[in-house]
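The values are calculated or read from the model by the stated rules, or taken from the named source; none is laboratory data. Model, not experiment: these values are computed from the prediction. Note: ideal-geometry Cβ built from the backbone for every residue, glycine included; neighbour counts use all protein chains shown. With ligands, DNA and RNA removed, areas are computed over all heavy atoms of the protein, side chains included. Shrake-Rupley method; radii C 1.70, N 1.55, O 1.52, S 1.80 Å.
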Amino acid sequence: MKKYHILKYLAILGITSAFSFSCKSPTGPGGGTPPDTTSNNFTWTTYTFGGYAGSSGFKDVAIVNDSDIWAVGQIGSTDSTYNAAHWDGKAWTLLQIPFYTFCGQSHMFQYSINAVIDFGPEDIWFCDGGEMVHWDGNAFVHDCSIGSQINGPINKVWGPSSTNLYVAGNAGTILHYADGAWTVMQSGTSIDLRDVWGSSDGSTVWACGWSNDDNQSILLEYDGTSWKTMWTRVGLSSVPPYEFFTTSVWGIDSLVVSTGRGVSDDTTQVATLPSFP
């Protein structure tokens, strides 16, 4: 049983639900490898938000568990403009996360949010591209210090803990947060970095991205000492193993990369895609 929803407009967030799994016995009849009894039946539940005047779109999602999910971006509604939606296990709530109009001044606005990372209900980070906002359970704490250290908007944020964060942005920007301060890291590239993610223990971090101007794409790895180029491509011709633009990266025990052509587990393409993810 599979159910698909395809919409060409509005802000859309699909949440998988009703997964069904069966346990595998150690061996099959007479020994050997048992049959794969995992069920692939699932349904997609589609939630739509906003869409007023074509102004809605999500840019990032953070999932802690099935009762704590954030989706951020810009949600235009007939009554107001929102930049975040939170799922509490029962329903979605639209929220307005405040950012400074000019960092450090009194006036604030609900700018579109590029990135979110959630370590729990009292420890959530949001970024509108040039300012970090931290919810500590009582108030929004604004950090304007990254604004003077970046060459373009921040696109994504990741970290194994709230005291060990990495942000990736345009023009090869990578910053590291530790000991309460942001430090610029040398990425070795000027390509726009679209995503950053790392291993569960934080010992390895990956970043990837692409730039339209010169048709370049890149995948970087940080080993705790320096950032190194794992793969790069210049021009429109495909170069294995990833091919075309690297758009997002994810990993726990292994590296998963999505591109304009498909999804790869390490260097093996495991799925094809009809367009950019």
Quiz item: Can you name the residue in segment 176-195 that is assigned to a loop (DSSP other than H, G, I, E, B) and open to solvent by less than 70 Å² (accessible area, probe 1.4 Å) and, of all such residues, is modelled with the lowest pLDDT?
Solution: G180
Practice problem: State whether one or more residues within segment 104-111 are at pLDDT 90 or above and in a strand (DSSP E or B). | Solution: no
Quiz item: If you go through segment 137-146 one residue at a time, do you hit one that is within 27 Å of W206 (Cβ to Cβ) and of a type in the set (A, V, I, L, M, F, W, C)?
Solution: yes
Self-check item: Out of A171, A207, sole residue that is at pLDDT 90 or above and not in a strand (DSSP E or B)
Solution: A171
Quiz item: Can you spot a residue in segment 70-77 that is under 19 Å from F109 (Cα atoms), more than 14 Å from the chain's Cα centre (by Cα), modelled with pLDDT of 90 or more and not in a loop (DSSP other than H, G, I, E, B)?
Solution: yes
Practice problem: Go over the candidates D143, D128, D123 one by one and state the one that is at pLDDT 95 or above, of a type in the set (D, E, K, R) and open to solvent by 20 Å² or more (accessible area, probe 1.4 Å). | Solution: D123
Exercise. Give the residue that is least open to solvent (accessible area, probe 1.4 Å), with candidates limited to residues of segment 210-221 that are in contact with a strand residue (DSSP E or B) (Cβ under 9 Å, 6 or more places away or on another chain) and not in a strand (DSSP E or B).
Key: N215
Quiz item: Among the residues of segment 103-114, which ones are open to solvent by less than 60 Å² (accessible area, probe 1.4 Å) and either among the hydroxyl-bearing types (S, T, Y) or in contact with a Phe, Trp or Tyr (Cβ under 7 Å, 6 or more places away or on another chain) (or both)?
Solution: Q110, S112, I113
